[in-house]
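The values are calculated or read from the model by the stated rules, or taken from the named source; none is laboratory data. Predicted model only: the values in this text are computed from it and were never measured. Cβ placement follows ideal geometry from the backbone for every residue including glycine, while neighbour counts extend to all protein chains displayed. For the accessible areas, the whole protein counts, side chains as well, though only heavy atoms, and no ligand, DNA or RNA atoms are used. Shrake-Rupley method; radii C 1.70, N 1.55, O 1.52, S 1.80 Å.
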Amino acid sequence: MSGDDAAGRSDAEVFAAVTNGRKPVPVPPTGSGIGNRFPEPPGTAGTAPPLFESLSDFLERTKDLPPLSWLIAEVVPDSGNLLVVAAPGVGKTYLALIIAKEAAKAGRHSFLVLEEGRPRSIRDRFTALGFLPDALVRIAHRKRVRLEDAAIREQIAEQLRAHEAPVLVLDPFSSLFLGNENDTEAVNQAKEHIQELATINPRALIVLVHHTSKAGERGEGPPIYAARGSTVLSGWADMQVNLTREDTPRHSGLISFVAQVAKGRDGETAQRHQFTLSLADGTVTIEDVTETAAQDKEQQIRRVLTSATTPPNKAQLAKMVGGRRQVAFRAINAMEERGELKCEGRGYILAPGTATEREP
């Protein structure tokens, strides 16, 4: 009921006094077409949603979401956040295009933000991979896309809302983010911009391409820390794959690289797959070389121990073998468990009976 209070104030004046002059904060709508696929529970319209929900509500809400599956087996998940880490010229853009081609085969739309490469070079790569002009691919090539640009993010968001299971490729992070890559706070803000896009559509696959650090190129440190700058992006990723270039015969028309899984939030890690692309006919072969790589590392260990003058300890042996210490440690542990290595003092020697044991 309207009227004046005892002090002679109108209803509007009383309301202003109670709220300190602030207007109510409007609640965004939850209708179709705005990307909100998870509206507030019944009875909470117009209020902030509760922080917690019951386990039964969570299980009911998520029961129809797809389980972990693969766009490219054991390398590229069907949805979620994928971080691709590689040095320049290794093949990261080729991998991005292979992902788009696989998505197109499944009837999925891909949106490629490519900030590197000459236009003709990018065209030649599409041609080499056998893309048809009407493929379900849209490209933003060297459009100076910046993650901090809200208008650009909204254009991307519109596409993620409009399609059932889209693929978004952001290549490379260094061109999309002009801040200091070693500044955790700044990179975290950029990560939040990417995650804002990732949460729009739970069926989307977001692929972020980043450069390898100098230490990563040398094979130093854990694979998950191979990316340049802050580790924030590795934390953001559901899956991280690191690429290394493989040599191919000169004038063979082949490009080859190995994708090593450095992080798998819902799966295994350390597996390695070799991609070989023929520029002549666009065929791509993918081979699991995990076991081959492990055998090569063990053979390196045998050779080192055969020529060692004194038994090296684990750290010394890993350094003598070279490459990533963690890879060498895994190989040493595996050989020790099988009885191929034995301790002598504080170091290792090859056990008697191994194929390349040390001469007595």
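For the pair residue 149/residue 250, report the inter-label distance in nm, with labels modelled 7 Å from Cα in the Cβ direction. Placing both labels 7 Å along Cα→Cβ, they lie 4.3 nm apart. Across all directions, the average flat footprint of the convex hull enclosing the Cα atoms of the range 70-215 is 8.8 nm². In the frame of its principal axes, the range 126-204 has Cα extents of 42, 28, 19 Å, reported largest first. Out of every Cα-Cα pair in the range 169-293, what percent are more than 21 Å apart? Summing the P(r) tail past 21 Å for the range 169-293 gives 48 percent. Ligands, DNA and RNA left out, the 1.4 Å accessible surface of the range 141-239 is 45% carbon and sulfur atoms. For the range 193-260, a Kirkwood radius taken over Cα pairs fed into Stokes-Einstein (25 °C, viscosity 0.890 mPa s) yields D = 174 µm²/s. Our Cα-only numbers for the range 212-360 put the radius of gyration and Dmax at 17.9, 57 Å. In this simple spin-label model, placing a label point 7 Å from the Cα along the Cα-to-Cβ direction at both residue 315 and residue 55 gives a separation of 4.4 nm.
For the range 198-338, the Cβ-based charge dipole about the Cα centre amounts to some 560 debye (Lys, Arg positive; Asp, Glu negative; other atoms uncharged). Using the Kirkwood radius over C-alpha pairs as Rh, can you work out the diffusion coefficient of the range 166-227 via Stokes-Einstein at 20 °C, viscosity 1.002 mPa s, in µm² per second? For these conditions, the coefficient is 165 µm²/s. Using the empirical formula 2.2 N^0.38 Å as the baseline, the Cα radius of gyration of the range 89-156 reaches a ratio of 1.15.
Kirkwood Rh and Cα-based Rg: tell me the resulting Rg over Rh for the range 64-116, rounded to two decimals. Using Cα coordinates only, the ratio equals 0.98.
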